[in-house]
1. Out of segment 119-136, which residues are over 11 Å from ALA101 (Cα atoms), touching a Lys or Arg at 6+ places or on another chain (Cβ under 9 Å) and surrounded by fewer than 20 Cβ atoms within 10 Å (Cβ to Cβ)?
2. Let me confirm something: among GLY336, GLY366, which residue is surrounded by fewer than 24 Cβ atoms within 10 Å (Cβ to Cβ) and assigned to a helix (DSSP H, G or I)?
3. On the basis of being under 20 Å from ASP48 (Cβ atoms), under 20 Å from the mean Cα position of the chain (by Cα), crowded, with 18+ Cβ neighbours inside 10 Å and at pLDDT 95 or above, does VAL400 make the cut?
4. For SER56, which of the numbered conditions (1) in contact (Cβ under 8 Å) with a residue 24 or more places away in the chain; (2) part of a helix (DSSP H, G or I) fails to hold?
5. Report yes if ASP264 is part of a strand (DSSP E or B) and either surrounded by 15 or more Cβ atoms within 10 Å (Cβ to Cβ) or of a type in the set (Gly, Ala, Ser) (or both), otherwise no.
6. Checking the structure you have, find out if any residue of segment 284-291 is assigned to a helix (DSSP H, G or I), closer than 20 Å to THR15 by Cα and touching a strand residue (DSSP E or B) at 6+ places or on another chain (Cβ under 7 Å).
7. Looking only at strands (runs of 3 or more DSSP E) that fall completely inside segment 1-46, which ones have 1 or more residues that are closer than 16 Å to LEU71 by Cβ?
8. Six or more apart or on different chains, Cβ under 6 Å: which pairs go from a residue in segment 66-90 that's outside the structural domain of LEU328 (by TED's automatic domain parsing) to one that's part of a strand (DSSP E or B) and among the charged types (D, E, K, R)? Could you list them?
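The values are calculated or read from the model by the stated rules, or taken from the named source; none is laboratory data. All of these numbers come straight from a predicted model, not from anything done at the bench. Note: ideal-geometry Cβ built from the backbone for every residue, glycine included; neighbour counts use all protein chains shown.
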Amino acid sequence: MIAVISPSVIRGNITASASKSAMQRACALALLHTGETYIYNPGKSNDDKAALEIISGMGAIVEYPAENTVLVKSNGEITVNGEINCGESGLSFRMFAPIAALSGNEIILNGSGSLLNRPMDFLDQVFPQLGIEITSNYGKLPLKIRGPLHPKTIKIDASQSSQYLTGLLFAYAKSATAMVSINVDNLKSKPYIDLSLEMLRHFGYDVLNKDYQQFFIKPVKTQKETIEYFTEGDWSGAAFLLVAGAVSGDIIMRGLNLESSQADIAILKVLKVCGADISIDGMISINNKNKLKRFTFDATDCPDLFPPLVALAANCVGISCISGVSRLREKESDRGIALVDIFSRMGISIEIQADEMFITGGQITGTSISSHHDHRIAMAGAVAGLQANDVVTISDAEAVNKSYPAFYDHLKALGAEVSLKGV
């Protein structure tokens, strides 16, 4: 699909889509729960659909009893045999791998697209310590595993991704028969672990966090038979529309939890630093009345903010600096390279020095760019196109379906001139 973004002023109200980070975690915890779980405001992205398919393949029954409601029925046991396909979702793979290993059956964990090229060698190091047999494809998918996982105190290096720790915490919480701990070095993306711990508590588990260096998991004594969970709005996707409002419009954003544990709530801090006209009172109002100034921000713990922040920096006066570039290499694309490519084509100077990216704001030039098959690159290009001097054409624009399938519809609802071809 090709998306054509014309220079536009946006205006109006929009409600944030559901958080895929929360939705996928809710699916995993619903699978592990013995009883029924009602998930309200479920996500509809490709990654959310992958998580629902995974738990169905692992023994849960997924039903849709009412509009905007998913009901998961589970006996709390992992009964999978054969292959589990995680699609292109890195979170689903890293989270569900330890959960799948609770089974004593041989299981093949596979994926598609860019996930097949992303390194998964963390599990080669950790699974044998937990009594799990593992055969990998030189540290990449597919993986063949056979459990069952036996929780015991281990030490892990979490510098590659916090998502592995989330999977281990979920699997330990379900299976621990005595208190056990996971000791952690070099944890990145701490806010995502806060989200995981918050959801573990909601589902009745008892996990203690000691300075993000030790996590103590206690055995579960009792749980409610029925659990209800409301999926909050997605700060990762909302960040793009908030930036769009700051550079090209006057919008009101609803449906976001202003006390969220999601890492990308940090977008509010950056928008304030760069001088955006923003007010927060249960909802977020933002417009482009103010001239935006350069900013400096460390995105190490929230690397998904890089693409909207680069679109923001392109519209700021001066040179902005975003650090944490090393966190971009193993996403759906090498996002550092992809961002340099598309914004250079749009006339914006970007330089990467060590772990920092420097973006010089200026006039955005209309041109043709590729999404690099990366949902967040496609959205960054579209937001930048609102202030370009001519149309911006994005190929492989359907990549947004991975996390935010309503993205172009939301832009159009706000008055942006967006044309989709090959739908």
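1. PRO119, ASP121, GLN129, THR135, SER136
2. Values: GLY366 fails: assigned to a helix (DSSP H, G or I).
Every option except GLY336 fails the conditions.
3. Numbers: under 20 Å from ASP48 (Cβ atoms): yes; under 20 Å from the mean Cα position of the chain (by Cα): yes; crowded, with 18+ Cβ neighbours inside 10 Å: yes; at pLDDT 95 or above: yes.
Judged against the criteria, VAL400 is a match.
4. Condition (1) is where SER56 drops out.
5. On the way: part of a strand (DSSP E or B): no; either surrounded by 15 or more Cβ atoms within 10 Å (Cβ to Cβ) or of a type in the set (Gly, Ala, Ser) (or both): yes.
The answer is no for ASP264.
6. The initial filter retains those residues of segment 284-291 that are assigned to a helix (DSSP H, G or I), namely none.
Within segment 284-291, not a single residue is assigned to a helix (DSSP H, G or I), closer than 20 Å to THR15 by Cα and touching a strand residue (DSSP E or B) at 6+ places or on another chain (Cβ under 7 Å).
7. Working: elements: 2-5, 10-15, 34-40.
Once the strands (runs of 3 or more DSSP E) in segment 1-46 are filtered for at least 1 residues that are closer than 16 Å to LEU71 by Cβ, what remains is 34-40.
8. So the pair list comes out as LEU71/GLU63; LYS73/GLU36.
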